[in-house]
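To start, the structure itself, in structure tokens.
Read-outs: derived from the displayed coordinates by stated rules, not from any lab. Nothing here was measured: the structure is a model prediction, and the numbers come from that model. Cβ sites come from the backbone with ideal geometry, for glycine too, and all protein chains shown count toward neighbours.
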Ligand code: AP5
């Protein structure tokens, strides 16, 4: 968990390799659908994602149930960007109950707001493979080109000043209560997300060892 741009996707992508379980990012799933021409899901969710509002809970619930029921998630998964509302917490409880699984930990990254603005304004992403770069902290070897697959990097349409403001507001209003809910279940661990990517990853690993 954590606010927009705090580094959830960057860290989850690395933890996926370390833990050998899939990184399930609802933001990535939605962006892939939006890019696919003729995708009914993409057409339905585009207006929400590009304006910084949340996609309706029912739709997200169907999507996460389908994803977590897949074979590759049988031994575990890293959720990134879900649940984001109290209704989604209840939906996830139901899905996990059906699968006979439980959350081990909820790790919440925190950084100062000025760093979030710096991270989001400098972010560049690969529309083809999803690799995330930053103009200063993680620049590609060749400017504007993805190191992993060679595609042209883009700035996400929801990384404009106005949409970032909306995403932060939605986070404060709808997602912070999720952190409180997991806090009261004794699952939440807050992690300092400021500093080098490797240093943050090491703090996250320490948090997981407390499982
Ligand atoms: P989503 O994609 O989940 O967006 P988000 O939560 O706003 O998070 P971001 O992807 O912007 O940031 P991040 O924390 O992953 O940071 P990153 O690692 O990229 O969701 C997008 C939209 O989809 C939502 O607004 C909503 O519309 C919809 N949606 C998704 N899930 C939903 C749900 N459950 N319900 C309803 N709607 C949903 O890092 C940011 C930058 O910082 C990068 O450039 C990176 O290189 C850099 N960086 C990372 N770590 C460091 C570091 N340690 N030091 C320096 N730079 C760093």
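Sort segment 143-199 into rounded, prolate or oblate with this rule: let a ≥ b ≥ c be the square roots of the eigenvalues of the Cα gyration tensor; rounded if a/c is under 1.5, and if a/c is not under 1.5, prolate when a/b is larger than b/c, oblate otherwise. Oblate shape, in that a/c is at least 1.5 and b/c is the bigger or equal ratio. Applying 1/(1 + (r/R0)^6) with r as the Cβ-Cβ distance of residue 152 and residue 74 and R0 = 41 angstrom yields a FRET efficiency of 0.70. Rounded is the label for segment 1-115. Its Cα gyration tensor axes, ordered a ≥ b ≥ c, give a/c under 1.5.
Of all DSSP beta bridges located in the chain, what percent are antiparallel, nearest 5?
Working: 6 of 14 bridges.
Counting only bridges with both partners in the chain, antiparallel ones make up about 45 percent.
Within the listed set 177, 56, 40, the Gaussian network model of the chain (springs between alpha-carbon atoms below 10 Å) gives the highest mean-square fluctuation for 40. Seen through its C-alpha gyration tensor, with square-root eigenvalues sorted a ≥ b ≥ c, the chain comes out rounded because a/c lies under 1.5. Among 108, 168, 1, sorting on how many other beta-carbon atoms sit within 10 Å of each Cβ, with the fewest leading, yields 168, 108, 1.
Got the relative contact order for segment 48-204 handy, in percent, Cα pairs under 8 Å and 6 or more residues apart? Provide the component values of the computation, followed by the final result.
Working: 153 pairs, mean separation 48.6, N = 157.
The normalised contact order for segment 48-204 reaches 31 percent.
Largest mean-square fluctuation among 178, 142, 95, in a Gaussian network model of the chain whose springs join Cα atoms under 10 Å apart, belongs to 142. Its DSSP H runs of at least 4 residues, each contributing -39,500 (n - 2.57), put the calculated 222 nm mean residue ellipticity of the chain at -15000 deg cm²/dmol, to the nearest 500.
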